[in-house]
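Derivation of every value follows stated rules applied to the coordinates shown; laboratory data play no part. All values reported here derive from a predicted model rather than from experimental measurement. No Cβ is skipped: glycine too gets one built from the backbone with ideal geometry, and neighbour counts run over all protein chains shown.
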Amino acid sequence: MAKVLMTVDGNTAAAYAAYAFTDVAAIYPITPSTTMAEVVDEWSANGRKNIFGQRVNVVEMQSEAGASGAYHGSLQGGALTSTFTASQGLLLMIPNMYKTAGEQLPGVIHCSARAIATHALSIFGDHQDVMAARQTGYAMLCAGSVQEVADLAPVAHLAAIKGRLPFLHFFDGFRTSHEIQKIEVLEYRDYAEMLDMDAVKRFRDNALTPNHPVIRGTAQNSDIYFQGREAANPFYTNIIPVVEEYLGKIEQYTGRKYGLFDYYGAPDAEYLIIAMGSVTQTIEQTIDYYNSQGEKYGLIKVHLYRPFSTDHLLKLVPKSVKKIAVLDRTKEPGSVGEPLYVDVCTSFLRVPNAPIIVGGRYGLASKDTTAAQIAAVYNNLKQDSPKNSFTIGIIDDVTNTSLDIPEELDVEPEGTKACQLWGLGSDGTVGANKQAIKIIGENSDMHVQAYFDYDSKKSGGITVSHLRFGKEPIKSTYLVNHADYIACHNQSYVNKYHLLESIKDGGTFVLNTGWSDEELEVNLPNALKRRIAEKNVKFYTVNAIGIAEEIGLGNRINMVMQGVFFKLTNILPIDKAIQELKEGINKMYGKKGEKVVNMNHEAVDKGIEQIHEVKVPDSWKNLKDEEETEEKIKEPEFIRKIMRPMSELKGGDLPVSAFKGIEDGTFPAGTTAYEKRGIAVNVPEWIEERCIQCNQCAYVCPHAVIRPFLLNDEEVEKAPETFVVKKAAGRAYEGLHFKIQISPLDCTGCGNCADVCPAKGKALIMQPIGTQLEKEIPNWKYAVENVSFKEDLNYGSTYKDTQFKAPLLEFSGACAGCGETPYIRLLTQLFGERMMIANATGCSSIWAASAPSTAYTINRKGKGPSWANSLFEDNAEFGYGMHLAVKQMRNKLEDDMRHLIDSNVEEKVKEACHDWIHYKEDGNASEEASQKLLDVLEDFTSTDIELVNIVKDIKEKKDYLAKRSIWLVGGDGWAYDIGYGGLDHVMASGEDVNVLVFDTEVYSNTGGQASKSTPTAAIAKFAASGKKQGKKDLGRMMMTYGNVYVAQVGIHADNTQLVKAFREAEAHRGPSIIIAYSPCINHGIKEGMGRSMATIKKAVQAGYWHLYRYNPQLKEEGKNPFVLDSKEPKESFRDFILGQVRYSSLARAFPNEAEELFEKAEKNARERYENYLRLANMQ
Amino acid sequence: MSVKKIDNLQGRDNKRLKTKDPTNSEGTAAWQNSEQSYKVDMVNKPSIENVIDAKDWVDNGSQL
């Protein structure tokens, strides 16, 4: 039997095994499981065969519920079927899990176990999802490392087939799913040898067929249902020896031994931990450390969790064990203990003189679980009365569950090198590190580990790569906390992050910087300098950006830093390392030509040559932290105590009490204003003499960092000297001064504002940020703090006029040039004070509210959009529910007012009530009427208690008086696919809710999977050779209801149409839906994201996107409700799509299909246009 | 600490409103790599390779 070595992550290892045994995979993407489905799809597209000699058929469904239905159907149809999921996705599969287990079908679900959304969503790993599924009847098999995934995944398939029970094979999301290790796998022919082909035949013979038809899925009553359930019991007993048989086969083929449970540690252990998942690796490391010092610690690792074999567990427990701690990576609020703990306690129920058993929780949402925490668990066991229901890894100062954790231990084996590399998303650091791991793994007998830790910015977020290399297997399933080498690839990080927290004594630190030694002395924070000196750090700098620019690579620093890495870590002989790096470069860049290859070779060489060692002065040891020389600002409590620590990646230190009062997950609005990240390289400079005051710059700005201000004379007088203004244009603004002001540290530098500026010679020119900070930072501060919004002006209704109102979405985490944010930013300027937003999970929920950054904010009156995210599939229903609540409250208000009208009250009261009722459904008018009513009721008195109570009720519900503007917001993944059913139902309701769809034509947030909005010929995941089907016309489908307002819009393509559509939608007393074309980095716009707005315009001009409004109100006026706003397309459709990599790469990758698909795409677009024309011309 | 409605922040008392030091410069991001700038407004135009790298990051790197 041959063994194959590969350096892969847990997801890929699972997919490798799954592919072998799978005929059909029905999937839906969800982090962190998506990679499994993607690699299976990629292998299939590239022709890989499973053990039956066929390519796997991968189908992407509309949701996990759909995927599980297709998975069930496929199994009943006789195909061996698998799926891959996590978290809410697994929960959506639960009904079909019961079905497939009840019908004894050999499906396998591979789950990268992830936290469930409760008070917050988390993409990170724990066992909440799999524990929610433990009653379904699935056998559950847990892998604790990447190697275990590779070994146990095939067991899941083999045992499912032979034992006729479906399997849930799970491993920790991120910690295992995304950890890269060098592992051994078997060849597919070995799997084929192990497979019970008779069992396969029995399965296929049992499939539904008209040739010998049967009936499955009957309805049963209380007479037989129970017996039917119990009839399956023998299958659960029998699966145990089946699993053992296949574990034995894996041992035979690989030499690695596994049991249903495995023991590790002292054979005469006194203190035992029982756990499953990646933490077992850390426990093993901790046991080795302590047992070598005389302790008697042991561990039982759980692999087969269901069925739970008490016999097998008890056989492994040494008689010497006095106390047991069971660790659960889940939480079951209100229970006597978490699931594994309850299973273990039950196992010992009839054991005489059973050990004391306690349970604890750890690692929720991938909270790092380290050796020190495990030590604390053993220490707890040694107490006379060990704490039960404890927690580790957090400080619980509310219910005091947490154990005290000793100082962090270094339990890693001698000779293991640990490295941390701080980079920026898309700067090449992560890719380079993955390459480094491969090089070291393949060119040495060392074990390797790579794990990547990111923040939540989709692009441009911080990345920290944790790499380990060693002679011994690497069992450190936690972030590097004793680093031999730390590199920082982004100079600006020194101002914020505690870069050297993990550095070992005598470790190496490299900073990518253009600073000289003298400049380092001035610019490095004292805390960093002190740390360097205290820890005797070998400190190096390299001007990687300078080197890259000199060579002609621009800002591509990754190869420079790779050379530095290999030189300073000395993991491989440097000549060997250079040779491998250069061979890697040849492979990676070969297609781009010799020049590019040579430049990258040179980058490696120069990186090595130009490393500069900084002589660390002794004086750095005594430096104190800088004092605040300017006035001390006491920031709001939330910012000080929660936001700042979280932003500096110190949120893990926050105790539970920090969240007292916000246990329900509530966060305040408007925290992004406190970030001031300084992302941009260049920012716009306003040339006031050229400005025509059109406000288009502000209109398109994705981040609300450039805004027009109107100032009176007094405000101009008090402004800083550099605060240049000009006379405001327009009669409504006579006597005022106008300024375009930018916030340079909030700007992303995309350049859209400058690009769209129509002024001759341009009134906005991008300049290096360093040239703008000195004057524009105080100018911005003055503008936002001192310039008022002029309420009394007669603002027009054009798009220009909308921009004078402060946006209530600002500084979001969206990518530079994002096509989604400008739309909703504009909406907040129109209706923000009355808005409630229900936001589907997706990019728009991530850029809006990745804690602690909340981008929706409030105006000076303290009003602004309320915002909430429920789930992905239920967003329409969620927002609809908000509407129902508000409607019910307002109906009660109306009832109260009608009662007052019919009672003996003052005429002014009756009049105010009449007015409120009359204007109830009119947004702006209801605000006025509400205020009038409250003024009138302020001093209301009466001898009639009933009337007094009614007025009291009205005042208590005053929050509901002004009409709310309710918006259900999300991407096309939600609206076209997973949420479509709910959206359709809500649109059918006839209720007054508004929908805004950010149509990026792909699942942007989860990495570019195709949606039903993806047009023909676009390449996306699960449409790797170009999407064959056309784009769903969601707008036309909604028009068929007749009473739904529908619009398709494109900002900058027609700014006036956009404002009209928003206003008409909001005013429409019924459902409205607006579909907005949203360019995305995923599209690969060749002109750059600085032209994302221009792309929208081009899309319309080329007939790729169309602008229209369908207004049911017009029908009542006897008019055609459909208005086609975009003109006859005149520009080249083909040129437009070839300007985007998502289309142009089809021509390279699949030249034969490309032409046909491009033609089909153009035909589809043409047909759509003609349909719209027909609608527009109907009488 | 409880987050009451009045605690909503409005950007007041913001230490970083006066600061000039960037903390998260994206100078090395793929989309920022300038092959050239558009004339007049000097908006960045990345090379096609960098457009592909930036796309690759959001499709395969960034894990959200």
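So, how do all the Cα-to-Cα distances of segment A:1015-1055 break down into 5 Å bins, in percent, from 0 on up?
The percentages, shortest bin first, are 6, 19, 15, 12, 20, 18, 9, 2.
Quick one: which of A:1064-1073, A:492-501 comes out on top by average Cβ neighbours within 10 Å, and what's the full order, highest first?
A:1064-1073, A:492-501
Kindly work out what percent of the DSSP beta bridges joining two residues of chain A are antiparallel, to the nearest 5.
45 percent
Treating the Cα atoms of segment A:348-449 as identical point scatterers in vacuum, please give the log10 of the normalised Debye intensity I(q)/I(0) at q = 0.13, 0.19, 0.20 Å⁻¹, two decimals.
-0.73, -1.01, -1.05
What translational diffusion coefficient, in µm²/s and rounded to a whole number, does the Stokes-Einstein relation yield for segment A:978-1049 at 4 °C and a viscosity of 1.567 mPa s, taking the hydrodynamic radius as the Kirkwood radius over Cα pairs?
Estimated via Stokes-Einstein, D reaches 96 µm²/s.
Kindly rank A:723-731, A:610-618, A:1029-1037 from highest to lowest mean number of other beta carbons found within 10 Å of each residue.
Top to bottom by mean Cβ count within 10 Å: A:1029-1037, A:723-731, A:610-618.
Mean separation of Cα pairs under 8 Å and 6+ residues apart, divided by the residue count of chain A: what relative contact order is that in percent?
Taking the mean separation of contacting Cα pairs over the length of chain A, I get 6 percent.
What is the Cα coordinate range of segment A:262-391 on the first, second and third principal axes, sorted by size from largest, in whole angstrom?
Principal extents (largest minus smallest coordinate, Cα): 38, 36, 30 Å.
Please report the relative contact order for segment A:417-622, taking Cα pairs under 8 Å with a sequence separation of at least 6, and give it as a percent rounded to a whole number.
Relative contact order comes out at 20 percent.
From the helices alone, meaning DSSP H stretches of at least four residues, give me the mean residue ellipticity at 222 nm for chain A, per-run term -39500 (n - 2.57), in deg cm²/dmol to the nearest 500.
-11500 deg cm²/dmol
Return one quarter of the surface area of the convex hull spanned by the alpha-carbon atoms of segment A:965-1177, equal to its mean projected area, in nm².
Over all viewing directions, segment A:965-1177 projects a mean Cα-hull area of 11.1 nm².
If the convex hull of the alpha-carbon atoms of segment A:1013-1113 is projected onto planes in all directions, what is the mean projected area in square nanometres?
For segment A:1013-1113, averaging the hull's shadow over all directions gives 7.2 nm².
Given segment A:887-960, report the % of alpha carbon pairs whose separation exceeds 17 Å.
Here the tail beyond 17 Å accounts for 33 percent of pairs.
Checking the table A:676/A:1098; A:592/A:1086; A:382/A:471 against a 25 Å threshold on Cα-Cα, which pairs fail?
A:676/A:1098; A:382/A:471
What are the lysines whose alpha-carbon lies under 16 Å from the alpha-carbon of residue A:1032, with same-chain residues fewer than 8 places away excluded?
A:1012, A:1160, A:1163
Taking just the alpha carbons, could you work out the radius of gyration and Dmax for segment A:417-622, both in angstroms?
Cα-based Rg and Dmax for segment A:417-622 come out at 16.4, 53 Å.
Per residue of A:454-463, count partner chain C-beta atoms within 10 Å of its C-beta, then hand back the mean as an integer.
Whole-number average of other-chain Cβ neighbours for A:454-463 is 6.
Taking H placed 1.01 Å from N in the peptide plane, check which residues at least 5 places from residue A:1021 or on another chain put their amide H under 5 Å from its amide H.
A:1009, A:1010
State the antiparallel share, in %, of DSSP beta bridges confined to segment A:906-1056, rounding to the nearest 5.
Antiparallel bridges: around 25 percent, rounded to the nearest 5.
Exposure proxy check: A:48, A:361 ranked by fewest other beta carbons within 10 Å?
By the 10 Å Cβ count, ascending, the order reads A:48, A:361.
In a solvent-free Debye calculation with one equal scatterer on each Cα, what is log10 I(q)/I(0) for chain A at q = 0.04, 0.05, 0.06, 0.09 Å⁻¹, listed in the order of the q values?
The computed values of log10 I(q)/I(0) come out as -0.24, -0.38, -0.55, -1.26.
By count of other Cβ within 10 Å, fewest leading, how are A:456, A:647 ordered?
A:456, A:647
Mind pulling up the Rg/Rh value for segment A:732-779? Radius of gyration and Kirkwood radius, both on Cα.
1.02
Once the Cα gyration tensor of segment A:936-1038 is diagonalised, what are the square roots of 5 times its eigenvalues, in whole Å and ordered largest first, as equivalent ellipsoid semi-axes?
49, 13, 9
Need the list of lysines near residue A:908 for cross-linking: C-alpha distance under 17 angstrom, and skip anything on the same chain fewer than eight residues off.
Within the straight-line cut-off, residue A:908 pairs with A:932, A:955.
Can you give the mean number of other chain Cβ atoms that lie within 10 Å of the Cβ atoms in peptide A:1088-1100?
3
Show me, for segment A:777-787, the HN-Hα J-couplings you get by feeding each phi into the Karplus relation (A = 6.51, B = -1.76, C = 1.60, θ = phi - 60°), rounded to Hz, glycine and proline as x.
Along segment A:777-787, the couplings run 5, x, 5, 4, 4, 4, 4, 6, 8, 10, 9 Hz.
From other protein chains only, count the Cβ atoms within 10 Å of every residue's Cβ in A:544-550, then give the mean.
For this peptide, the per-residue mean of nearby foreign Cβ atoms is 1.
Just list whichever of A:99/A:249; A:535/A:606; A:650/A:887 have alpha carbons separated by over 32 Å in the model shown.
Beyond 32 Å: A:650/A:887.
Over segment A:1-97, with a single point scatterer placed on each C-alpha, what log10 of the ratio I(q)/I(0) does the Debye formula yield at q = 0.25 1/Å?
-1.35
Relative contact order for segment A:262-391: what is it in percent, counting Cα pairs under 8 Å that are at least 6 residues apart?
Once normalised by length, the contact order is 28 percent.
Just order A:1014-1027, A:816-829 by mean Cβ neighbour count inside 10 Å, highest at the front, would you?
Most protected by this proxy first, the peptides run A:816-829, A:1014-1027.
Any of A:567/A:624; A:3/A:438; A:457/B:15; A:632/A:805; A:417/A:538 with alpha carbons more than 27 Å apart? Name them for me.
Checking Cα-Cα distances, A:567/A:624; A:632/A:805 exceed 27 Å.
Between residue A:225 and residue A:885, take the C-beta separation as r, use R0 = 45 Å, and let me know the FRET efficiency to the nearest 0.05.
Using R0 = 45 Å, I get an efficiency of 0.70.
Kirkwood hydrodynamic radius, segment A:678-805, all distinct C-alpha pairs: what's the number in Å?
One decimal place: 14.7 Å for the Kirkwood radius.
Binning at 10 angstrom from zero up to the longest distance, how are the C-alpha pair distances of segment A:59-204 distributed in percent?
12, 40, 36, 11, 1
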